[in-house]
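These notes are about the structure you will find just below.
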Amino acid sequence: MLLANRTVVVSGVGAGLGREVAAVCVREGARVVLGARTRENLAACAAAVDPDGTRSAYRVTDIGDEEQCARLAELAVERFGGLDAVVHVAALDTVMGGLEDADFAEWQRVLDVNLLGTLRMTRACLPALREAGARGDGSVVMIGTQSSVAAPTEVRQAAYAASKGALVSAMYSLARELGPYGVRVNTVQPGWMWGPMVEGYVAWAAESEQVPHQAVRQRLDARMALPRMAEDGDVAETVAFFASARSRGITGQCLMVNAGELMR
């Protein structure tokens, strides 16, 4: 299994990608330490992916709070003796609009969560990650977005896209800085990703246009080379690869999981 005997911290566990990442990691043999702001989401995720509770632990965590980030990293060490990888799913993606209608206080909030929150969580995990690196491999996996390099026409999320673009820039510096410790830093960039968020968009678009949900879904799928949009689970599989020793020679890289909508 890809992640046998590894401990993976996953921030931002909810009903979508975070839960899929946790499920894939457990399936691949990992122990998972889960963080999110809502205890109910954490408990539901842990029960779903690890019913007997032997390979999971969780703690309420807001990545905007440095002390809470530290406590989540400490939980991994206390419960499982260390950590080998951290996956940053937590993000603020509900601020809509572009420049003309921008509320820059909201933009600052998005940047604080998506950029600085990810860096807070990474720094909190760094002592344990360095130990993993000394053993042969430590991994940081960031979640980016295709919209940071190709803005979609259907929705405008300039603040979110900018924050994730900044995160990619930070990734390059971190890959160079942490490489000597044996810690790799990579980014998975989803495009349209079938899961709760896109399901919500499809429902909204169908109602707005007075067309069946399937018509909106087919329109999106038709843009993909496969042609079907990737799912949360497809992104989670790629995350597991980056968290595993199979990618030991890879750092400072972005990998799009977008069913071929955009090719670079």
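The values are calculated or read from the model by the stated rules, or taken from the named source; none is laboratory data. Source: prediction; values computed, not measured. As a convention, Cβ positions derive from the backbone with ideal geometry for all residues, glycine included, and neighbour counts pool all protein chains shown.
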Only one residue in PRO152, PRO127 is of a type outside the set (Val, Ile, Thr) and outside any helix (DSSP H, G or I), so which one is that? PRO152
Here is a list: VAL216, VAL239, VAL235. Which entry is over 16 Å from GLY144 (Cα atoms) and of a type outside the set (D, E, K, R)? VAL216
Being buried (at least 23 other Cβ atoms within 10 Å of the Cβ) and of a type in the set (Gly, Ala, Ser) is the filter here, so list the residues in the stretch 232-250 that pass it. ALA236, ALA240, ALA243, SER244
From the options SER139, SER148, SER173, residue that is among the hydroxyl-bearing types (Ser, Thr, Tyr), in contact (Cβ under 8 Å) with a residue 60 or more places away in the chain and out of contact with any His (no Cβ under 9 Å at 6 or more places or on another chain): SER139
Identify, please: which residue in the stretch 15-36 is of a type outside the set (Val, Ile, Thr), farther than 16 Å from LEU83 by Cα and buried (at least 18 other Cβ atoms within 10 Å of the Cβ) and is, among those, modelled with the lowest pLDDT? GLY16
Do the conditions hold for VAL21, that is, is it of a type outside the set (S, T, N, Q) and either in contact with a Leu (Cβ under 9 Å, 6 or more places away or on another chain) or outside any helix (DSSP H, G or I) (or both)? no
From the list ARG55, ARG109, ARG79, ARG71, exactly one residue is surrounded by fewer than 20 Cβ atoms within 10 Å (Cβ to Cβ), touching a strand residue (DSSP E or B) at 6+ places or on another chain (Cβ under 7 Å), over 25 Å from TYR181 (Cβ atoms) and touching a residue at least 12 places away in the same chain (Cβ under 8 Å). Which is it? ARG55
For the stretch 250-264, which residues satisfy the criterion of being modelled with pLDDT under 95 and either farther than 16 Å from LEU17 by Cβ or aromatic (Phe, Trp, Tyr) (or both)? GLY260, GLU261, LEU262, MET263, ARG264
Among residues belonging to the stretch 135-146 that are within 20 Å of VAL21 (Cβ to Cβ) and either of a type outside the set (A, V, I, L, M, F, W, C) or in contact with a Pro (Cβ under 6 Å, 6 or more places away or on another chain) (or both), point out the one that is surrounded by the fewest Cβ atoms within 10 Å (Cβ to Cβ). ASP137
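When you go through GLU154, GLU100 one by one, which is the residue that is under 30 Å from MET263 (Cβ atoms) and acidic (Asp, Glu)?
None of the other options fit; the residue is GLU154.
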When every residue in the stretch 80-112 that is out of contact with any Ser or Thr (no Cβ under 8 Å at 6 or more places or on another chain) and among the β-branched types (Val, Ile, Thr) is compared, the one farthest from VAL24 (Cα to Cα) is VAL95
Going by the structure shown, is VAL49 closer than 19 Å to THR122 by Cβ and not charged (D, E, K, R)? no
